[in-house]
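Inspection log for the structure reproduced underneath, given as C-alpha coordinates.
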Amino acid sequence: MADRIGLAHAFDIRALIAPPLDGGAGRNGHRRVIPITGGTVEGPRLTGRVLPGGADYELQRADGASLVEAHYTIEASDGTPIYIRNAGLFTAPAKVIARVDAGEAVGPEEYYFRTAPVFDAPDGPHGWLSDRLFVAEARFTPQEVTIKVYEVT
(Lines give C-alpha, C1' and ligand atoms only; values in the text may rest on other atoms or scores of the structure.)
Protein backbone atom coordinates (compact mmCIF):
# COMPACT_ATOMS: atom_id res chain seq x y z
CA MET A 1 0.00 0.00 0.00
CA ALA A 2 1.40 3.41 -0.98
CA ASP A 3 1.82 6.14 1.59
CA ARG A 4 -1.17 8.43 1.53
CA ILE A 5 0.17 11.21 3.75
CA GLY A 6 2.18 13.96 2.15
CA LEU A 7 3.06 17.63 2.47
CA ALA A 8 2.21 20.49 0.14
CA HIS A 9 3.73 23.95 0.54
CA ALA A 10 0.85 26.33 1.29
CA PHE A 11 2.51 29.68 2.09
CA ASP A 12 5.24 31.44 4.05
CA ILE A 13 4.64 33.72 7.02
CA ARG A 14 7.30 36.35 7.69
CA ALA A 15 6.55 37.75 11.16
CA LEU A 16 8.43 40.83 12.28
CA ILE A 17 9.29 40.73 15.97
CA ALA A 18 10.35 43.19 18.68
CA PRO A 19 12.93 42.46 21.38
CA PRO A 20 11.63 39.92 23.90
CA LEU A 21 10.11 40.83 27.24
CA ASP A 22 12.09 38.64 29.60
CA GLY A 23 10.18 37.40 32.64
CA GLY A 24 13.17 35.46 33.93
CA ALA A 25 13.28 32.02 35.45
CA GLY A 26 10.21 30.63 37.18
CA ARG A 27 8.83 27.35 38.42
CA ASN A 28 8.06 26.12 34.91
CA GLY A 29 11.16 27.46 33.15
CA HIS A 30 12.44 30.73 31.73
CA ARG A 31 9.57 32.76 30.22
CA ARG A 32 9.97 35.26 27.39
CA VAL A 33 7.23 37.07 25.49
CA ILE A 34 8.20 38.12 21.97
CA PRO A 35 5.87 40.77 20.48
CA ILE A 36 4.81 40.33 16.85
CA THR A 37 4.77 43.72 15.14
CA GLY A 38 3.69 42.93 11.56
CA GLY A 39 4.84 41.02 8.52
CA THR A 40 3.73 39.33 5.32
CA VAL A 41 2.08 36.14 4.09
CA GLU A 42 3.03 34.91 0.63
CA GLY A 43 2.51 31.65 -1.18
CA PRO A 44 0.50 29.58 -3.58
CA ARG A 45 -2.54 29.18 -1.27
CA LEU A 46 -2.65 32.45 0.70
CA THR A 47 -1.33 36.00 0.59
CA GLY A 48 -1.80 38.85 3.03
CA ARG A 49 -0.17 40.48 6.00
CA VAL A 50 0.57 39.76 9.64
CA LEU A 51 -1.27 42.19 11.89
CA PRO A 52 0.60 43.76 14.80
CA GLY A 53 -0.48 42.85 18.31
CA GLY A 54 0.24 39.15 18.63
CA ALA A 55 3.07 37.51 20.54
CA ASP A 56 5.11 34.35 20.88
CA TYR A 57 5.10 33.01 24.45
CA GLU A 58 8.39 31.14 24.77
CA LEU A 59 9.19 28.86 27.70
CA GLN A 60 12.80 27.75 27.88
CA ARG A 61 13.26 24.43 29.66
CA ALA A 62 16.16 23.61 31.99
CA ASP A 63 17.90 21.74 29.12
CA GLY A 64 17.84 24.90 26.96
CA ALA A 65 15.15 23.76 24.54
CA SER A 66 12.21 26.12 24.08
CA LEU A 67 8.51 25.44 23.83
CA VAL A 68 6.91 28.17 21.75
CA GLU A 69 3.28 29.16 21.41
CA ALA A 70 2.43 32.14 19.26
CA HIS A 71 -1.01 33.75 18.99
CA TYR A 72 -1.61 36.31 16.27
CA THR A 73 -3.81 37.34 13.35
CA ILE A 74 -3.17 37.56 9.67
CA GLU A 75 -5.28 39.52 7.25
CA ALA A 76 -5.73 37.82 3.88
CA SER A 77 -5.32 39.98 0.77
CA ASP A 78 -9.14 40.18 0.52
CA GLY A 79 -9.35 41.68 4.05
CA THR A 80 -10.41 38.49 5.86
CA PRO A 81 -8.92 38.19 9.39
CA ILE A 82 -7.56 34.73 10.23
CA TYR A 83 -6.49 33.79 13.77
CA ILE A 84 -3.41 31.57 14.25
CA ARG A 85 -2.23 29.55 17.23
CA ASN A 86 1.20 28.16 16.42
CA ALA A 87 2.87 25.79 18.89
CA GLY A 88 6.31 24.34 18.38
CA LEU A 89 9.71 23.26 19.60
CA PHE A 90 13.16 24.82 19.29
CA THR A 91 16.19 22.68 20.17
CA ALA A 92 19.90 23.11 19.58
CA PRO A 93 23.23 22.10 21.12
CA ALA A 94 24.14 24.07 24.27
CA LYS A 95 26.84 26.04 22.41
CA VAL A 96 24.33 27.20 19.81
CA ILE A 97 21.76 28.16 22.48
CA ALA A 98 24.47 30.22 24.24
CA ARG A 99 25.13 32.06 20.95
CA VAL A 100 21.40 32.67 20.44
CA ASP A 101 21.07 34.00 24.00
CA ALA A 102 24.05 36.31 23.34
CA GLY A 103 22.24 37.76 20.33
CA GLU A 104 24.49 36.17 17.72
CA ALA A 105 23.14 35.08 14.35
CA VAL A 106 22.96 31.32 13.87
CA GLY A 107 22.15 29.42 10.69
CA PRO A 108 19.04 27.23 10.39
CA GLU A 109 21.24 24.16 9.96
CA GLU A 110 22.42 24.67 13.55
CA TYR A 111 19.02 24.17 15.19
CA TYR A 112 15.69 22.33 14.99
CA PHE A 113 12.66 24.66 14.94
CA ARG A 114 9.34 23.10 13.91
CA THR A 115 5.76 24.13 14.59
CA ALA A 116 2.17 22.99 14.06
CA PRO A 117 0.01 26.02 13.22
CA VAL A 118 -3.77 25.85 13.73
CA PHE A 119 -5.94 28.35 11.86
CA ASP A 120 -9.37 29.69 12.75
CA ALA A 121 -10.80 31.18 9.56
CA PRO A 122 -14.37 32.25 8.85
CA ASP A 123 -16.52 30.36 6.37
CA GLY A 124 -15.85 31.38 2.80
CA PRO A 125 -12.78 31.31 0.59
CA HIS A 126 -10.38 30.76 3.52
CA GLY A 127 -12.47 28.20 5.43
CA TRP A 128 -10.21 25.42 4.14
CA LEU A 129 -7.58 26.59 6.66
CA SER A 130 -9.83 25.46 9.52
CA ASP A 131 -10.33 22.05 7.89
CA ARG A 132 -6.70 21.00 7.44
CA LEU A 133 -3.67 20.09 9.52
CA PHE A 134 -0.41 21.93 9.00
CA VAL A 135 3.25 21.61 9.97
CA ALA A 136 5.94 24.21 9.51
CA GLU A 137 9.66 24.80 9.47
CA ALA A 138 10.67 27.99 11.25
CA ARG A 139 13.80 30.10 10.93
CA PHE A 140 14.61 33.21 12.89
CA THR A 141 16.77 36.28 13.24
CA PRO A 142 16.51 38.84 16.05
CA GLN A 143 14.16 40.87 13.80
CA GLU A 144 11.88 38.22 12.26
CA VAL A 145 10.65 34.64 12.17
CA THR A 146 9.97 32.99 8.83
CA ILE A 147 7.51 30.09 8.95
CA LYS A 148 7.26 27.83 5.89
CA VAL A 149 3.77 26.31 6.23
CA TYR A 150 2.92 22.92 4.73
CA GLU A 151 -0.55 21.40 4.45
CA VAL A 152 -0.65 17.75 5.47
CA THR A 153 -2.28 16.04 2.49
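The values are calculated or read from the model by the stated rules, or taken from the named source; none is laboratory data. Just so it is clear, the model here is predicted, and its values are computed rather than measured. Cβ sites come from the backbone with ideal geometry, for glycine too, and all protein chains shown count toward neighbours. When the accessible area is computed, the model is the full protein with side chains, heavy atoms only, and any ligands, DNA or RNA have been set aside. Shrake-Rupley method; radii C 1.70, N 1.55, O 1.52, S 1.80 Å.
Restricting the first residue to region 114-141 and requiring it to be among the aliphatic types (A, V, I, L, M), which pairs with a second residue that is in a loop (DSSP other than H, G, I, E, B) and modelled with pLDDT of 95 or more meet a Cβ separation below 8 Å and a spacing of at least six or different chains?
A116/L133; A121/T80; L129/L46; L129/A121
Pick out the one residue from V100, V118, V149 that is of a type in the set (A, V, I, L, M), surrounded by 14 or more Cβ atoms within 10 Å (Cβ to Cβ) and in contact with a Pro (Cβ under 8 Å, 6 or more places away or on another chain). Give the steps one after another, and end with the answer.
Numbers: V100 fails: in contact with a Pro (Cβ under 8 Å, 6 or more places away or on another chain); V118 fails: in contact with a Pro (Cβ under 8 Å, 6 or more places away or on another chain).
When all the criteria are applied, what remains is V149.
State which residue is farthest from the chain's Cα centre (by Cα) when the search covers only region 4-30 and only residues that are over 22 Å from E137 (Cα atoms) and either of a type in the set (D, E, K, R) or open to solvent by 70 Å² or more (accessible area, probe 1.4 Å) (or both).
Looking at residues that are over 22 Å from E137 (Cα atoms) and either of a type in the set (D, E, K, R) or open to solvent by 70 Å² or more (accessible area, probe 1.4 Å) (or both), I get R27.
Read through the list (1) assigned to a loop (DSSP other than H, G, I, E, B); (2) open to solvent by less than 60 Å² (accessible area, probe 1.4 Å); (3) within 29 Å of P20 (Cβ to Cβ), then give the number of the only condition that P142 fails.
Only one criterion in (1) assigned to a loop (DSSP other than H, G, I, E, B); (2) open to solvent by less than 60 Å² (accessible area, probe 1.4 Å); (3) within 29 Å of P20 (Cβ to Cβ) is unmet by P142, namely (2).
Which one of the conditions (1) within 13 Å of the chain's Cα centre (by Cα); (2) within 15 Å of A138 (Cα to Cα); (3) touching a residue at least 24 places away in the same chain (Cβ under 8 Å) does E69 fail to meet, given that it meets all the rest?
The number of the failed condition is (3).
From the set of residues in region 95-113 that are under 17 Å from the mean Cα position of the chain (by Cα) and touching a residue at least 24 places away in the same chain (Cβ under 8 Å), which is farthest from I34 (Cα to Cα)?
Per the stated criteria, the residue is P108.
When region 50-66 is examined, which residues are found to be within 14 Å of the chain's Cα centre (by Cα) and within 14 Å of A92 (Cβ to Cβ)?
Selection gives E58, S66.
Between a first residue in region 26-43 that is in contact (Cβ under 8 Å) with a residue 60 or more places away in the chain and a second residue that is outside any strand (DSSP E or B), which pairs have beta carbons less than 9 Å apart while being 6 or more apart in sequence or on different chains?
If the second residue must be outside any strand (DSSP E or B), the pairs left are G39/L51; G39/P52.
Taking Q60 as meeting all but one of (1) closer than 30 Å to G124 by Cβ; (2) surrounded by 15 or more Cβ atoms within 10 Å (Cβ to Cβ), write down the number of the exception.
(1)
Of A62, A87, A92, A55, which residue is in contact (Cβ under 8 Å) with a residue 12 or more places away in the chain and in contact with a Ser or Thr (Cβ under 7 Å, 6 or more places away or on another chain)?
Matching residue, one of A62, A87, A92, A55: A87.
Given the conditions (1) aromatic (F, W, Y); (2) in contact with a Phe, Trp or Tyr (Cβ under 9 Å, 6 or more places away or on another chain); (3) modelled with pLDDT of 95 or more, which single one is not true for Y57?
The single condition Y57 does not satisfy is (2).
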